[in-house]
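Below: the structure, in structure tokens.
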Amino acid sequence: MAETLKRAGIDFTVYEKADEVGGTWRDNTFPGLFVDVLSRQYEFPFQPNYDWSRKYAPATEIWVYVKKVARDRGLTKFIRFNEEVVTARFSGGRWHIETAKGNTDIADVFVCATGFLHRPLFPDIPGRESFSGPSFHSSRWDHSVPYDDKRWGVIGSGASGVQITEALAWAGCDVTQFIRRAQWVHIRDNPYSTWRERLKLRLPLAYQREQRRLWQLINAGDRWRLEPGAQREAMEREYRSFLDCIKDPELKRKLTPDYNLGCTRIPKSDRNYYEAVQLPNAHIVKGEIARIVPDGLVMADGATVALDVLVYATGFDAHAYMRPMAVTGVDGTTIDEAWKEKIYSYGGIALPGFPNLFMLYGPFAPVNNVPVPLGLDQEIACIMGLIAEARARRAAVAPSVAATEKFLARLGAAFPGTVWVGGCKNWYTSRQPNPVLWPFPQSEHKAFFEAVPSEDFQFTSTGSGD
Ligand SMILES: Cc1cc2nc3c(=O)[nH]c(=O)nc-3n(C[C@H](O)[C@H](O)[C@H](O)COP(=O)(O)OP(=O)(O)OC[C@H]3O[C@@H](n4cnc5c(N)ncnc54)[C@H](O)[C@@H]3O)c2cc1C
């Protein structure tokens with residue numbers, strides 16, 4: 001967003017509550033974290049990277065890349081670090097912004113690029129504070145804790161839990177993973193890239209060919225999530241076969257999911273998680289945790305597990321979006337009030353009643369079937385078009401209630417038959433009927449944002465131009 005605003009010659013400020021860029025990739029530094037889409041799909045379209053070390057890059061490499069983009073593009077000078085926005089109020093046709101330091105600003109347009117997996121979520125287990133050893137959330141890894149001679153506990157079977165357990169197990173640590181429900185895990189190869197491949201990418205024609213191949217991969221590979229059929233059955237057979245390397249039938253039973261493939265975001269394993277948990281130093285405990293005690297965990301069946309370090313791989317409050325920031329739209333309506341009954345948006349980017357407020361990857365953005373940088377690029381192009389129109393009309397823009405309802409109804413009608421409905425609890429689901437994600441293919445995401453009709457939006461005069 002910053003790069004696009006810079007290119008458009010628009011005056012802007014980025015507020016970042018941390019002291020560095022990188023978001024997810026700055027905060028999540030746990031062992032075993034690799035990107036789950038192809039590294040080449042995790043590039044900003046305006047800055048190719050020819051030098052990814054592996055097919056799926058380690059998290060540190062993504063962070064280095066994001067920092068390089070900010071530096072190369074001269075973006076850091078627009079960023080006010082250590083500046084958390086705590087309130088934003090639309091009044092008199094403009095946004096009044098206040099930060100935790102008490103600084104205030106006025107802006108015509110307010111963009112929330114606050115991330116959808118950002119606020120750590122802790123389980124509601126009694127006794128959490130009583131644990132006597134080091135304990136931390138996966139997104140706040142404590143690198144001062146030595147790995148050796150410790151009994152590690154990892155709570156959670158999502159992507160972070162799987163990658164951490166696998167990494168600790170192969171590192172020879174005594175690790176116990178506590179799971180309530182088994183996950184489908186993608187056991188994949190993650191080869192290093194060769195110098196020949198890196199060199200080839202630098203040739204314009206080869207690069208364009210590779211870009212076309214990636215585009216086809218994105219569009220062809222994911223039909224199985226959207227509709228039943230042979231592709232879905234073949235995928236499920238393949239994933240079941242990954243479990244065949246588990247020798248102990250009891251362990252295999254524990255790790256066999258009881259819901260349809262793809263319903264949750266699929267953890268990716270680069271060093272065979274199923275082999276890792278069969279090492280003598282690795283253990284799986286399945287069931288509810290009754291309470292946390294100073295030296296370990298007590299399970300609901302009364303079993304106790306002694307631990308020295310406890311890791312909460314328990315995910316994020318995925319439905320917080322820009323909150324706890326207090327955002328107030330027209331007529332004093334707050335975001336909490338607007339989303340009290342259900343979380344909604346128009347296209348994941350805007351909300352009725354909140355003029356000139358845009359979200360990047362807000363509710364119903366494609367969190368599961370489109371690489372995030374690509375989805376962002378499409379959202380940003382659309383937002384820039386709306387900003388340009390609003391400026392030209394000296395107005396503030398917001399989607400109409402009717403257009404938003406129509407958008408949500410279209411989504412609602414698309415969920416039946418997709419992998420996301422029925423059978424599992426995941427971070428896309430909420431207290432509302434449908435999961436909060438984009439239930440169409442990537443091609444439709446592009447088409448949607450390329451043809452957003454102006455009639456879906458209301459332009460209210462602000463009386464000011466630039
Ligand atoms: C462990 C993990 C692994 C992931 N792996 C993948 C993957 O493999 N592939 C994939 O496509 N996606 C992955 N994701 C999703 C990932 O979050 C997105 O791909 C991407 O990083 C989102 O970028 P973002 O800039 O929108 O949000 P974020 O990276 O979350 O950045 C948001 C930024 O906003 C700042 N901020 C938030 N609130 C405020 C405020 N009030 N004031 C000031 N600053 C604020 C934060 O400090 C942060 O720097 C993963 C997420 C996690 C947590």
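Here are some notes:
- Amide N proximity, region 132-147 versus residue 304 label position 7 Å along Cα-to-Cβ, cut-off under 19 Å: 132-134
- Cα centroid separation, region 269-286 to region 292-363 (Å): 30
- At full extension, residue 237 and residue 81 could sit 51.3 nm farther apart than now, given 0.36 nm per residue minus the alpha carbon distance.
- Across region 301-308, rounded Karplus estimates of 3J(HN,Hα) from the backbone phi angles (6.51 cos²θ - 1.76 cosθ + 1.60, θ = phi - 60°) give 7, x, 5, 10, 10, 7, 9, 9 Hz, Gly and Pro being marked x.
- Whole-angstrom gap from region 415-450 to region 161-187, using each part's C-alpha centre: 27
- Antiparallel bridge percentage (DSSP; both residues within region 72-217; nearest 5): 65
- The phi-based Karplus calculation (6.51 cos²θ - 1.76 cosθ + 1.60; θ = phi - 60°) puts the 3J(HN,Hα) values of region 401-409 at 4, 4, 5, 5, 4, 5, 4, 5, 5 Hz, whole numbers, x for Gly and Pro.
- The chain: relative contact order in percent, alpha carbon pairs under 8 Å with at least 6 residues between: 20
- Unit charges at the beta carbon, dipole of the chain: most positive-side option, 326, 41, 352: 41
- Charge tally around residue 243: other residues with Cβ under 12 Å, Lys/Arg +1 each, Asp/Glu -1 each, net +1.
- Using alpha-carbon coordinates, inclination of helix 159-170 to the longest axis of the chain, degrees: 40
- Relative frequency of Cα-Cα separations exceeding 38 Å in the chain, percent: 28
- Against the chain, whose longest principal axis is taken from its Cα atoms, helix 204-220 shows a tilt of about 80°.
- Percent carbon-and-sulfur accessible area, the chain, ignoring ligands, DNA and RNA, probe 1.4 Å: 52
- The chain, helix-only ellipticity at 222 nm - DSSP H runs n ≥ 4, -39,500 (n - 2.57), divided by all residues, nearest 500: -8500 deg cm²/dmol
- Given their separation in residues at 0.36 nm each and the Cα-Cα distance between them, residue 17 and residue 189 gain 58.3 nm when the chain is fully extended.
- The distance linking region 83-101 with region 15-70 is 29 Å (Cα centroid to Cα centroid, whole angstrom).
- At most 14 other Cβ within 10 Å, DSSP loop - GluC sites (Glu not before Pro), region 236-310: 288
- Charged-residue dipole, Cβ positions (Lys, Arg, Asp, Glu), region 1-152 about Cα centre, Debye nearest 20: 280
- Computed from the Cβ-Cβ distance with R0 of 30 Å, the FRET efficiency linking residue 53 to residue 381 stands at 0.50.
- Aspartates and glutamates with Cα under 18 Å of residue 77, excluding same-chain neighbours fewer than 8 positions away: 3, 11, 16, 19, 20, 105
- Å² per residue, accessible surface of region 328-466 at 1.4 Å: 40
- Maximal additional length on extending the residue 207-residue 413 stretch stands at 70.3 nm, based on 0.36 nm per residue less the C-alpha distance.
- Flagged links, alpha-carbon separation over 31 Å, of 68/150; 17/406; 247/268; 55/340; 200/446: 68/150; 17/406; 55/340
- Lacking any other cysteine beta-carbon closer than 4.7 Å, the following Cys residues of the chain have no compatible partner: 112, 173, 245, 382.
- Amide H contacts of residue 112: 358, 359, 360, each under 5 Å away and 5 or more positions distant or on a separate chain (H built 1.01 Å from N in the peptide plane; Pro and chain starts excluded).
- If you sort the three axes of the alpha carbon gyration tensor as a ≥ b ≥ c, you get a/c of 1.5 or more for region 183-242 and a/b no higher than b/c, which makes it oblate.
- Rounded to whole Hz, the Karplus (6.51, -1.76, 1.60) HN-Hα couplings of region 252-257, x for glycine and proline: 5, 4, 4, 9, 8, x
- Close amide-amide hydrogen proximity is noted between residue 326 and 87, 88, each under 5 Å apart and 5 or more residues distant or on a separate chain (H modeled in the peptide plane; Pro and chain starts excluded).
- For residue 80, the residues 5 or more places off, or on other chains, whose built amide H falls under 5 Å of its own are 14, 15, 16.
- 0 to 90° range, to nearest 10: angle between helix 230-242 axis and the chain longest Cα axis: 40
- For the chain, the antiparallel share of DSSP beta bridges with both residues in that region comes to about 50%.
The values are calculated or read from the model by the stated rules, or taken from the named source; none is laboratory data. As the structure is a prediction and not an experimental result, all values here were calculated from the model. With ideal geometry, Cβ positions are generated from the backbone for all residues, glycine too; neighbour counts draw on all protein chains shown. Side chains are part of the model used for accessible areas, which takes the heavy atoms of the whole protein and leaves out ligands, DNA and RNA. Shrake-Rupley method; radii C 1.70, N 1.55, O 1.52, S 1.80 Å.
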